[in-house]
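Chemist: This structure is in structure tokens; I'll ask about it shortly.
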Amino acid sequence: MEQILSVLISVGIGAVLALVLFVGFNVLLEQAATRWPWFVAAVGAMVGLVFGAIMQHNGWFPAGLVGILLGGVLGLGVGFLLGVVSAKSLGRDATQIAEKFRPWVFIGPALLFVTVGLVGPAISTMIISFRGGKSGDEGVTLDNYRTIFTDKIAGTNQFFNVDNIGDVFTSRLFIAGLLFCGVAGILARASAMRFVGGSTARTGSLLSRLGIGALVAVVVAMIAGLIEGIVREPNESAIFDVLTVIVSSPVTLFIAAILAALTLVASFIGRRSDAFELDWGSPTASLLVVGAVILLLFSFLSTMQAVVWNNLWWVASVAGLSTVFGLLLAILADRTRNNRVEVTAKAMIFMPMAISMVGAAVIWDFMYEKQPSGDQTGLFNALLQAMGFETRGFFINASMIPWNNIWIMVIMIWIQTGFAMVILSAAIKGVPDELLEAARVDGATETQMFWRVVIPQIKSTIVVVVTTLVIIVMKVFDLVKATTGGANRTNVLANEMFDNLSGGRFALSSAFAVVIFALVLPIMVINVNRTRKELA
Amino acid sequence: MAVTSKPESILGSPLEPTGLRMKRFLGALPTWVLWLVVVVWTIPTLGLFVSSFRPVDEIQKSGWWTALWRPDFTLDNYNDILFKTTGGRDALWESFLNSLAIAVPATVIPVLVAAFAAYAFAWMDFRFKNWIFVGIVSLMALPNQMAFVPLLRLFRDGASWTLPLTDITLKIIPSLSAVQGTSVSVWLVHTAFGLPLAIFLLHNFMSTLPKDIIEAARIDGASHFVIFYRLILPLSRPALAAFAVFQFLWTWNDYLVALIFLQPGQDTPLTIALVNLVGERGSNFQLRFSAAFVSMSLPLLVFFSLQKHFVRGLLAGSVKG
């Protein structure tokens, strides 16, 4: 209690002092026109006080208050002299000069905090990251970055590993991604034909139906196999084995590769002439393309299994899935006819935003709880038990690698979906009614209106949501620290940064910070450009 | 209501009864799906909440959902975690106060400092104004990690500057050893980290205030300072509240900054206390639920009572133009 009081009192005193200084400065500025020399003297005294403080600290002035006051008096004298000398030549311009000071009085405190607390340290971090020695006080070197990107400990580099890139191309996710690409291409072609009309339209729709028919089965098998791959413990007999054999056989890989290649070629031809057009704006095609990109990214990032790749995996899945879920929920909420239902539902989905990451980690740790024997107390394992599956330690067990990462990301998606939903929902409500009415009059269906009117209208908001999420997720720390602590290949950059910091390896820690910074730099540039455009 | 077809037209059309029922069912479908999502989204928190009131052996033996039909609740967990100091662990109410001592100043100071600056950026003219503003806004995306190492050193050693071309090293900022490791250092750091967003939000709001009022006041001879605290500050109350709610939740829920800048065992806030408790594993398993709920209680209260401001801050912060 005492401690709280003392903190609050010191805050109060500090705030009052700052306000007195601020108000005092403003009063002083009012006086500048009539009492110019005294104004300059007061400014001089303030500069002098700071000067005196530095001087006494370095032992050039008498120590303590005497030294500070000495500086103040010196500044006062010099300021007064300058003021008297300049008063005559300035004449009436004095007021204007004083007014020029005022903006700096207003932004002064903020500038001080930002330079001392953010800009200065950021530059300093960059410098330290290029220096040798444990705490970064030796000569210039690239050793820290070498450690991150090339050094091998026990045969592998745990931060930035590209050794197992070959496994990517045979992974089930990769094949699924290729298949998605292929189907998307066929559908995009069909949709383009439908717009051209005539006999080609019939061929187009027939082609697309054939394509869908043939590939839906494979895709379903893929998804089943994927789910099964996540759910199954190794060495456990597989339920979907028949399906997964189809999917991971070289023949499927071959078909998928051909389909994807055809699509790629087609889109190149399409760009050159109008003869072979692809309509990527069609809903199914664009959904499949999104799915394909997500699958290809996942196949790559889940196979690489190193800290930098993990971070990118986090960004891809959390930023991507939260935005998609958020958009879906925003549409759902918009379609409910009852306003109070909408408000309540949105508040409940949004609620995890108010909970700390640490709290969320405790909540979900309990959801994933695994009892060694008897009834399961964690909801997920209880469900698995009830359905007859074997229970598992979702992010604790090494056998879950690399999918243990996914179960931690789920927590972040649970938190951030609400954020995406609230912002996208506001954007959807902002789409002008006349636009929708016009589309309706033109005979557009609900789906067409959504894909060709609403989505283009809220595109900039989607970009904002994604970039904000990328910035947030790139520095994910609390969740990983509070769940696995980075064990079993779940480590991320911010956690490495922290571990090296608390281990006293400041130089290496700074290098990790710079890597995080480099990864968000593109987004910083986008933000700067947007702000500059808005100001202009 | 952007993409919906008009409900009246469906109900008013002369459809046969079965078709009408079907249409009605389909029309209500989004609502049902939404409720389903709400249930899924709430279950994790509900599980924690229910568990925090269950006796120790029950928690270990059966799932929390069984308590819904076999209620057996107790307040022991809250009593134990809040007021008992066992095994070198402090009572949690102290951590609650520590969190408050960090979050309140870390909210008040940036609001004050940013309000001055935002006014200058919105309504004053000075050199490099746009450059400085763009610079500050770009800092919103700067990862906090970039500042940790130098700031730690700043608190420990102070800052010195070697004069160019000489061997003379000047100490510019003395080492703040009195502050180092205490909650004061944490809220100073939070202030610096929160300022860019605060200035951005407040500037956006203040620049939408009607120009006429401010110019009228100028003509009446009011100085910038008078305009600021008589006119702008009261008018900007919604934006100030929006940022304050935002920053309060952020600093209350923060774990990383506190972990880095606090001396272990000193001024421990709730987040660190909670992680330490989870790290103990085993003997006091039941306490983590009540502890987690204590740490969530104030943010949830703030969230549900001031949700309007929170959402407004969020929208202003990200949706622009």
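Quick note: the coordinates plus some simple rules give every number you see, no bench work behind them. Note that the structure is a prediction, hence the values are computed from the model and not measured. Glycine gets a Cβ as well: all are built from the backbone with ideal geometry, and neighbour counts include every protein chain shown.
Chemist: Scale the Cα Rg of segment A:409-536 by the rule-of-thumb value 2.2 N^0.38 Å and send over the ratio, two decimals. Write down the numbers at each step before the final one.
Modeler: Numbers: Rg = 20.4 Å, N = 128, 2.2 N^0.38 = 13.9 Å.
Rg over 2.2 N^0.38 Å, computed on Cα atoms: 1.47.
Chemist: Okay, moving on. By a straight-distance test (C-alpha under 28 Å), which lysines pair with A:Lys370 as possible cross-link partners, with residues fewer than eight away in the same chain excluded?
Modeler: Qualifying lysines at Cα under 28 Å: A:Lys481, B:Lys61.
Chemist: Within 10 Å of each Cβ of B:186-199, how many other protein chain Cβ atoms are there on average?
Modeler: Values: counts 0, 2, 3, 4, 1, 5, 10, 4, 2, 7, 4, 0, 1, 3.
If you average over the peptide's residues, the count of other-chain Cβ atoms is 3.
Chemist: For each of A:Val341, B:Val39, count neighbouring Cβ atoms within 10 Å of the residue's Cβ, then give the residues from fewest to most. Mind dumping the intermediate values first?
Modeler: Details: A:Val341 16, B:Val39 11.
Ordered by Cβ neighbours within 10 Å, fewest first: B:Val39, A:Val341.
Chemist: May I pose another question? Working from the alpha-carbon coordinates of segment A:2-129, get Rg over Rh, Rh being the Kirkwood radius.
Modeler: Details: Rg = 18.1 Å, Rh = 17.0 Å.
A ratio of 1.06.
Chemist: For a bin width of 20 Å, list the pair-distance distribution of chain B built from all Cα-Cα distances, rounded to whole %.
Modeler: Result returned by the calculation: 23, 43, 28, 6, 0.
Chemist: Under the Karplus relation 6.51 cos²θ - 1.76 cosθ + 1.60, θ = phi - 60°, what is the ordered set of whole-Hz ³J(HN,Hα) values for segment B:114-120, x standing for Gly and Pro?
Modeler: For segment B:114-120, the Karplus-derived couplings read 5, 4, 4, 4, 4, 4, 4 Hz, x marking Gly and Pro.
Chemist: On to the next question. Near the amide H of B:Leu170, under 5 Å away, which other amide H atoms are found, from residues 5 or more places off or on another chain, if H is placed in the peptide plane?
Modeler: It is B:Trp161, B:Thr162, B:Leu163, by chain and number.
Chemist: Another question about this same structure. More than 13 Å apart: what percent of Cα pairs in segment A:378-420 qualify?
Modeler: On the way: 562 of 903 pairs.
So the pairs more than 13 Å apart make up 62 percent of the total in segment A:378-420.
Chemist: Can you list the residues, at least 5 places off or on another chain, whose amide H is less than 5 Å from the amide H of B:Gly181, using H built in the peptide plane?
Modeler: Here the answer is B:Gln263, since their amide H atoms fall under 5 Å of that of B:Gly181.
Chemist: Give the average, rounded to an integer, of partner chain Cβ atoms located within 10 angstrom of each Cβ in B:30-40.
Modeler: Working: counts 9, 9, 2, 5, 12, 6, 1, 10, 9, 1, 2.
The mean count of partner-chain Cβ atoms within 10 Å per residue comes to 6.
Chemist: Still on this structure: Counting only other chains, and only Cβ atoms inside 10 Å, what mean value do you get across the residues of B:288-297?
Modeler: Details: counts 3, 3, 0, 2, 10, 3, 1, 5, 9, 0.
Taking all residues of B:288-297 together, the mean is 4.
Chemist: Moving on. Suppose we take every Cα in segment B:186-321 and form the convex hull; what volume per residue is that in Å³? All intermediate terms of the calculation are to be shown ahead of the outcome.
Modeler: Values: hull volume 18.1 nm³, N = 136.
Hull volume normalised by residue count: 133 Å³.
Chemist: Over the Cα atoms of segment A:306-536, what radius of gyration and what Dmax do you get, in Å?
Modeler: 21.0, 68
Chemist: What lysines does A:Lys429 reach when the alpha-carbon gap must be under 30 Å and sequence neighbours fewer than 8 apart in one chain are set aside?
Modeler: A:Lys429 reaches A:Lys346, A:Lys459, A:Lys533, B:Lys6, B:Lys23, B:Lys211, B:Lys308, B:Lys320.
Chemist: Mean-square fluctuation check for chain B, GNM, Cα pairs under 10 Å: which of B:Trp131, B:Trp161, B:Trp252 is largest?
Modeler: Maximum among the listed residues: B:Trp161.
Chemist: Over its Cα atoms, what ratio of radius of gyration to 2.2 N^0.38 Å does segment A:342-405 give?
Modeler: Details: Rg = 14.7 Å, N = 64, 2.2 N^0.38 = 10.7 Å.
Rounded to two decimals, the normalised Rg is 1.37.
Chemist: For A:Arg131, which sequence-distant residues (separation of 5 or more, or a different chain) have an amide H within less than 5 Å of its own amide H, given hydrogens modelled in the peptide plane?
Modeler: A:Thr141
Chemist: Sticking with this structure for a sec: Under the Karplus relation 6.51 cos²θ - 1.76 cosθ + 1.60, θ = phi - 60°, what is the ordered set of whole-Hz ³J(HN,Hα) values for segment A:47-52, x standing for Gly and Pro?
Modeler: In residue order, the calculated couplings are 4, x, 4, 4, 4, x Hz.
Chemist: Hey, another quick one. For A:Lys88, which lysines qualify as cross-link partners when the Cα separation must be under 20 Å and same-chain residues fewer than eight apart are set aside?
Modeler: Those lysines meeting the cut-off are A:Lys100.
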